[in-house]
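In what follows, a structure is listed as structure tokens, so that the remarks can point back to it.
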Amino acid sequence: MSQYILKMRDLSQEEKPREKLIAHGPGVLRNYELLAIILSRGTRKEGVLETAHRIMDQYHPAFMEQELTVEKVKALYNLGTVHACQFIATLELGRRLFQKGKEVYFRTPAQVHEYLKGMAYLTKEHVRALYLDVKNRLIREEVVSMGSLNSSPLHPREVIRPALLCNAAGIILAHNHPSGDPEPSTGDLEITARVKEACRLMEIELLDHIIIGDKGYASLRERGVL
């Protein structure tokens, strides 16, 4: 069950993020409280604390390596233009200041699942592609498709294009099943075969396709499909 977040008006003066920052410094604030200060205000439908908490629930550090557009962020987080711009600006500033971040390597499907397990709680299907170098080091991550509750249209070219831009040697696909059951569908197997063929033509290896649900994950590499 997700955590209940109080609205700003329900907090005492000393509990409000900006006042806590002034009184005690940034170290006492949760991540979503820091983001709430940046976003400044919410919308008619959602308070700023709720918006910030929702964004941080879905955030992955590898987003800092993406070329995020305003439209992509608006769709990914269900944000308005102003909030999307604020979020992108925050990521870009962080990327510039701390570009030498911790390197991430993937050796096993379990490591991929651990990195992306938060996808299990998304209500729509998201397809992410992890782009790796020859040492299986993550060099880029992209959300390559988002779909309806039960489907996510995916074209192999959307997977291949970022790989060419970052000179990736290998790709790991991952998507969530909102139903919670990670068992691969016929459609999952078909799109995997199409992406695998596209990768072969471009001399890039499709290393795995991980399907994530709240009941665990399925690796098509371990299933012998790849």
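The values are calculated or read from the model by the stated rules, or taken from the named source; none is laboratory data. Quick caveat, the model's predicted, so the values are computed rather than measured. Here Cβ is always computed from backbone atoms with ideal geometry, including for glycine, and neighbour counts include all displayed protein chains.
Of the set (1) under 15 Å from residue 109 (Cβ atoms); (2) modelled with pLDDT of 95 or more, all apply to residue 204 but (1). Of the residues 46, 50, the single one that is out of contact with any Phe, Trp or Tyr (no Cβ under 7 Å at 6 or more places or on another chain), surrounded by fewer than 19 Cβ atoms within 10 Å (Cβ to Cβ) and among the acidic types (Asp, Glu) is 46. Of all residues in segment 106-126, those that are buried (at least 20 other Cβ atoms within 10 Å of the Cβ), not aliphatic (A, V, I, L, M) and not in a loop (DSSP other than H, G, I, E, B) total 4. Restricting 206, 189 to residues that are buried (at least 19 other Cβ atoms within 10 Å of the Cβ) and either part of a helix (DSSP H, G or I) or touching a helix residue (DSSP H, G or I) at 6+ places or on another chain (Cβ under 8 Å) (or both) narrows the list to 206. Of all residues in segment 127-164, those satisfying the criterion of being exposed (fewer than 15 other Cβ atoms within 10 Å of the Cβ), within 16 Å of residue 191 (Cα to Cα) and in contact (Cβ under 8 Å) with a residue 24 or more places away in the chain are 150, 151, 157.
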